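A short write-up of the structure that comes next.
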Amino acid sequence: MANTLFAAIDMGTNAFKLLIVQAHLPGKFIPLLTVREHVVLGRDSPSSIISTHSQNLSIKSLQNFNKLIQTHNVPLLHTRCVATSAVREAQNKAEFIHSIAETTGFKVDVLSGEEEARFSYLGALQFFPVFENLVLNIDIGGGSTEFAIGLRGKVEFCLSLKLGHVTLTQQNFGDEEAERASNMREYIRNVIKESGLIDKVKNIGFEIALGSSGTIRAIEKAVFKGYALDFADNEALLSECKRDWKFSIEELKSVVERLCKGGEGQKVRRDGFFKRRSESIVAGGILLDEIFDLLGIKEMLVSGYGLREGLIADSLAKVFDDGYDLNANARFRSILRLATRFNSKRITTSAAEIASIAREIFEGLRKYKELDNDGIYLTVDLDEKDLENLEAACLLHNIGLSTGKKGYHKKSYHIIMNGNHLRGYSAEEVKVRYLPINLVCFLIRMSNHVLNSDHLLVRLQLIAHLTRHHRKKLPKFDDASFNELEEAKQKFKVLCAIIRLSVVLHRNGYINYREMDFSHSHEGFKLVMSRNAMWKLIVFCFTLCSSCSIFLC
């Protein structure tokens, strides 16, 4: 398991943050631990020297992180520690970095502004399936703001400006609230205009504006919770709403207007809502407001991921090499969003347990895919994309329960195929996803286009059909709709057997998948499980044959 664990440390201007994840090919990762330490290096920014006090706090936090990393057995080669604006601008950064290496063993990479912009963009791609879009990613940090325009994981343009919510808060823009806000806006506008950013963004353009920083997430939370409308604490009302992870320019201006109001009452309210971030949220809001106006942004998607997740993605690309898919994690999150949208926490947990069982069976079958034992062998090669399809189907197989138990497997199928819920697929898939599979095959045949099971359209069809056929009747494999998809049909048979068996095992209480074992004989593949509750051994034998039969004994 240690080989699949990765860690990233972000020594930011406003806080130190640790992320530990477990990764799976082709690029999916599950966050295991997220820790934030309140170390504000930005307080030392005016002097451009990191104080002894801040250095001591930093080392203490990094030592805590190191203990957590060692406890989780994360390999040293899978651990990355980076520093951003505050360290980048510090006169004594060399001494500081050496002290960290001596006391913690961490080798700190001080990122350039451009590198920081790139990693933030890569992190945002792990949260939203916008891989195919031309994205303008904006990351407002404590000491700087990074801009990146990217497409398909490649950064076309990036720029870092010394405009941060902490450093702006510390600057003297006047004594009165209105005067400070006006002078801060003018300063921000001048810096952005002189940088050439506006012309560059105008020339390249963008389809989607994306925000990937704590400040932007705090503003999105304020929009969602009605901070500007005086019902931020109305939990009954909020429970009826669903967080969109986006906001419009009008919603942003409404929040910023409220933030800029003076008075002790407003300060108390701001402190209560934004907590530790309240000290610099006004500057962050004004900065984002000016960016919207100058760059012509009308709406912004807000990523829950940022720099640390970008570091993880970069590490996975190096370790997994050609097997890495930068878009895999966003597709996985798209699956999770759909699952949690239609299901309760209990039902979603149940689906996740079934997915874990299915993974173990899948891995067991793949291990014995070629057997010289009286001709018993797996007729298709199973790869990571097939496992991704299987896990997606397991997580979504019961979303139809949201409308009732009767025929829920059919409802799950229709939700997947007719709701435009699963994003992260190709443009071709989006255009034809609503067509019946036999008509799709006809169009493929007429265009003389070769389609294999790796194509995202087929993968979507496979996921939907697996949810449809995880119970009740099996599909008619001699149907004309499968004729053009021979390889996908063979894989579907195997995956269908796995998901059906996984659901049966889970339903009967066999969820301790870590005690599964695989063997094989002339009869087929044998799955052995120990049922601790009854202290006896239960043996399940099943054969994958042309009719996708499952025999249990």
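Summary table
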{"read-out": "Number of the condition not met by residue 78 [criteria: (1) at pLDDT 95 or above; (2) within 25 Å of residue 144 (Cα to Cα); (3) open to solvent by less than 50 Å² (accessible area, probe 1.4 Å)]", "value": "(2)"}
{"read-out": "Out of 136, 125, 111, 76, sole residue that is of a type in the set (A, V, I, L, M) and more than 25 Å from residue 210 (Cβ to Cβ)", "value": "76"}
{"read-out": "Helices (runs of 4 or more DSSP H) contained entirely in the range 239-348, each with at least 3 residues that are open to solvent by less than 20 Å² (accessible area, probe 1.4 Å) and small (Gly, Ala, Ser)", "value": "278-295, 307-320, 328-342"}
{"read-out": "Among (1) more than 35 Å from the chain's Cα centre (by Cα); (2) of a type outside the set (A, V, I, L, M, F, W, C); (3) over 21 Å from residue 295 (Cβ atoms) - the single one residue 182 does not satisfy", "value": "(3)"}
{"read-out": "For residue 86: the one exception among (1) over 16 Å from residue 164 (Cβ atoms); (2) in contact (Cβ under 8 Å) with a residue 40 or more places away in the chain", "value": "(1)"}
{"read-out": "Qualifying residue in the range 24-46 (condition: among the charged types (D, E, K, R) and open to solvent by less than 40 Å² (accessible area, probe 1.4 Å))", "value": "yes"}
{"read-out": "Filter result (among the aliphatic types (A, V, I, L, M), part of a loop (DSSP other than H, G, I, E, B) and in contact (Cβ under 8 Å) with a residue 40 or more places away in the chain) within the range 16-61", "value": "25, 40, 49, 50"}
{"read-out": "Residue, modelled with the highest pLDDT, within the range 349-385, restricted to residues that are of a type in the set (Phe, Trp, Tyr) and open to solvent by 10 Å² or more (accessible area, probe 1.4 Å)", "value": "368"}
{"read-out": "Boolean, residue 112 is closer than 19 Å to residue 145 by Cβ, out of contact with any Cys (no Cβ under 9 Å at 6 or more places or on another chain) and surrounded by fewer than 20 Cβ atoms within 10 Å (Cβ to Cβ)", "value": "yes"}
{"read-out": "Subset of the range 466-521 that is among the hydroxyl-bearing types (Ser, Thr, Tyr) and modelled with pLDDT under 80 - its residue that is farthest from residue 415 (Cα to Cα)", "value": "521"}
{"read-out": "Subset of the range 58-70 [open to solvent by 30 Å² or more (accessible area, probe 1.4 Å) and in contact with a Leu (Cβ under 9 Å, 6 or more places away or on another chain)]", "value": "64, 68"}
{"read-out": "Residue match in the range 386-394 (condition: more than 20 Å from residue 30 (Cβ to Cβ), under 18 Å from the mean Cα position of the chain (by Cα), modelled with pLDDT of 90 or more and not charged (D, E, K, R))", "value": "no"}
{"read-out": "Given (1) surrounded by fewer than 17 Cβ atoms within 10 Å (Cβ to Cβ); (2) among the hydrophobic types (A, V, I, L, M, F, W, C); (3) touching a residue at least 60 places away in the same chain (Cβ under 8 Å), index of the condition residue 138 fails", "value": "(1)"}
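One line per residue, one yes/no per condition, for (1) surrounded by 12 or more Cβ atoms within 10 Å (Cβ to Cβ); (2) in a helix (DSSP H, G or I):
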residue: 160; (1), (2): yes, no
residue: 169; (1), (2): yes, yes
residue: 174; (1), (2): yes, no
residue: 194; (1), (2): no, yes
residue: 199; (1), (2): no, yes
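The values are calculated or read from the model by the stated rules, or taken from the named source; none is laboratory data. On a predicted model such as this, the values are computed, not experimentally measured, just so you know. When we count neighbours, we look across all protein chains shown, and the Cβ atoms used for this are built from the backbone with ideal geometry, even at glycine. We work out accessible area using only protein heavy atoms, side chains counted, and drop any ligands, DNA or RNA first. Shrake-Rupley method; radii C 1.70, N 1.55, O 1.52, S 1.80 Å.
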